[in-house]
Amino acid sequence: MFITIRDISKRYGSKSVLHNVNLEIAQGEMFGVGGENGAGKSTLLSIIASVIKPSSGEVLIDGVSVQRGGAAIRKQIGYVPQELALYPSLRGIDNLAFWGKLYGLRGKELALRMDEIIDIIDLRDRIKERVDAYSGGMKRRLNLGVALLHKPKLLILDEPTAGVDVRSRRHIIETLKEMSKHGCTILYTSHHLEEMEACDRIGVLKGGEILAVGIAQEVKHHLKGENLHGIER
């Protein structure tokens, strides 16, 4: 398996946020994580992305420990947190250039990759405008583009469609599906059932524990056909 999550727990003092989470995700799989607010979704993704450390347990990416793999592992990951990692006073194209250089891209390689990304996120007609003039959906698409600059093998997204218009939501989901077809492993959280059904499999967290894992219909059956916890139709 490309991602192996073994007995991951996270505690803040006496509060347990995740408890013995075990999960395996294949390379190229599009995997959705659902659950109500406070279920532990963001914490789990942050641990997989090597942003925070677990209290116990281990995450392996392609057989290498996230906790011990250092920069080599982080280069394989594109991480899109809930908070936008953009500079609003800069133009969209300047944001791409800034983050691309941080990823080690330079010169022609950077220019070509930026050009590819602009098409992927469908912002060519607005890319030379300041980000503070963008709609919420445009900012989310640009934020996705930043995470794709270095061609990650694993893309982790925490609520990537939060607060966006229907067009941008559909564009983001279609982009993720296309990337998955080309071998990129996608892991993301969402409150929208429609998006979760686009995944190869989904997992539902409740109280920091895995409640159910499978294709959407299997999970819905396991949960007796009720709305998935915290997920909107």
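The values are calculated or read from the model by the stated rules, or taken from the named source; none is laboratory data. No experiment lies behind these values; they were computed from the predicted model shown. FYI the Cβ positions are ideal-geometry reconstructions off the backbone, even for glycines, and counts take in every protein chain you see.
Data for the structure
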{"quantity": "Count of segment 171-205 residues which are closer than 19 Å to LEU84 by Cα and either among the basic types (Lys, Arg) or assigned to a helix (DSSP H, G or I) (or both)", "calculated": "5"}
{"quantity": "Long-range neighbours under 7 Å by Cβ, at least six apart or interchain, first residue within 17 Å of PRO160 (Cα to Cα) within segment 39-57, second surrounded by fewer than 18 Cβ atoms within 10 Å (Cβ to Cβ) and of a type in the set (S, T, N, Q)", "calculated": "SER42/GLN82"}
{"quantity": "Those residues of segment 132-156 which are in a helix (DSSP H, G or I) and among the β-branched types (Val, Ile, Thr), in sequence order", "calculated": "VAL146"}
{"quantity": "Cross-chain or 6+ apart pairs with Cβ under 6 Å, segment 133-146 first and assigned by TED's automatic domain parsing to the domain that holds ILE120, then of a type in the set (Lys, Arg) and surrounded by 21 or more Cβ atoms within 10 Å (Cβ to Cβ)", "calculated": "none"}
{"quantity": "Among (1) surrounded by 18 or more Cβ atoms within 10 Å (Cβ to Cβ); (2) at pLDDT below 95; (3) farther than 22 Å from GLU159 by Cβ - the single one ALA39 does not satisfy", "calculated": "(3)"}
